[in-house]
Amino acid sequence: MQRKSLDVWVGLFVLLGAAALMFLALKAGNMSSLSFGQTYVVTAKFDNIGGLKPQAPVKSGGVVVGRVGEIKFDDKKFQAWVTLNLESRYQFPKDSSAKILTAGLLGEQYIGLEAGGDTNNLATGDQIKMTQSAVVLENLISQFLYSKAAEAKVDGK
């Protein structure tokens, strides 16, 4: 009888460990908050997406309203096409804008949506026209260093 009780406890411990590993895997893959509700698909073009990845959140006002679906490269216009899967319960005007933001200084990148003022809403297949690309930290540092070098050159005449 004691052996059976020990086997049950070991089995429960193993199941709990497997559930914890599954939770960590989903969290690491940014898929812990998957939504199975109705969505509509819109696209946006960006010159530079930085480190944006599929399944990254799409937020508006700090609330997750969708997820990045697919990222493709247009070799004719040399831009990234990003597919956004927005939840149907959140409707945005057609003149809304999208920009790639970073959570914290070096955090994950996500898309921030800002609602416009149009009376018509986005629908499946629409494109968000106003976009702002990701701010790349390396570019900011190089611009800062270049401006400092230019100042030193002007001051050191």
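Measuring between alpha carbons in the structure, the pairs from 76/129; 77/148; 45/148; 76/99 lying more than 27 angstrom apart are 77/148; 45/148. Along the stretch 101-116 the Karplus relation, 6.51 cos²θ - 1.76 cosθ + 1.60 evaluated at θ = phi - 60°, assigns HN-Hα couplings of 10, 10, 7, x, 6, 10, x, 5, 9, 9, 9, x, 9, 10, 5, x Hz to successive residues, with x for each Gly and Pro.
Using θ = phi - 60° in the Karplus curve 6.51 cos²θ - 1.76 cosθ + 1.60, the 3J(HN,Hα) couplings for the stretch 127-135 round to 10, 7, 7, 8, 10, 10, 6, 5, 8 Hz; x is entered for Gly and Pro.
For the stretch 38-118, a simple Cβ point-charge model (Lys and Arg +1, Asp and Glu -1, everything else neutral) yields a dipole of about 100 debye relative to the Cα centre. In the context of the full set of protein chains, the chain has a per residue accessible area of 69 Å² (1.4 Å probe). With the charge dipole of the chain set up from +1 on Lys and Arg Cβ and -1 on Asp and Glu Cβ about the Cα centre, the Cα lying farthest toward the positive end among the listed residues 106, 90, 43 is that of 106.
Across the accessible surface of the stretch 1-146, with the other protein chains kept in place and a 1.4 Å probe, carbon and sulfur atoms take up 62 percent. Across the stretch 81-94, coupling constants 3J(HN,Hα) worked out from phi with the 6.51/-1.76/1.60 Karplus curve, θ = phi - 60°, read 9, 10, 9, 10, 9, 9, 5, 4, 6, 10, 10, 10, x, 4 Hz, and Gly and Pro carry x. The alpha carbon centroids of the stretch 88-157 and the stretch 42-76 are separated by 12 Å. For the chain, the Cβ-based charge dipole about the Cα centre amounts to some 280 debye (Lys, Arg positive; Asp, Glu negative; other atoms uncharged). In this entry, the chain is assigned a mean projected area of 16.6 nm², taken as a quarter of its C-alpha convex hull surface. Normalised by 2.2 N^0.38 Å, where N is the number of residues, the alpha-carbon radius of gyration of the stretch 31-113 equals 1.05.
The values are calculated or read from the model by the stated rules, or taken from the named source; none is laboratory data. Predicted model, so just to flag it, every value in this text is computed and none were measured. Cβ coordinates were reconstructed from backbone atoms using ideal geometry, including for glycine residues, and neighbour counts include every protein chain displayed. Just so you know, the surface numbers come from the protein's heavy atoms only, side chains and all, with ligands and any DNA or RNA stripped out. Shrake-Rupley method; radii C 1.70, N 1.55, O 1.52, S 1.80 Å.
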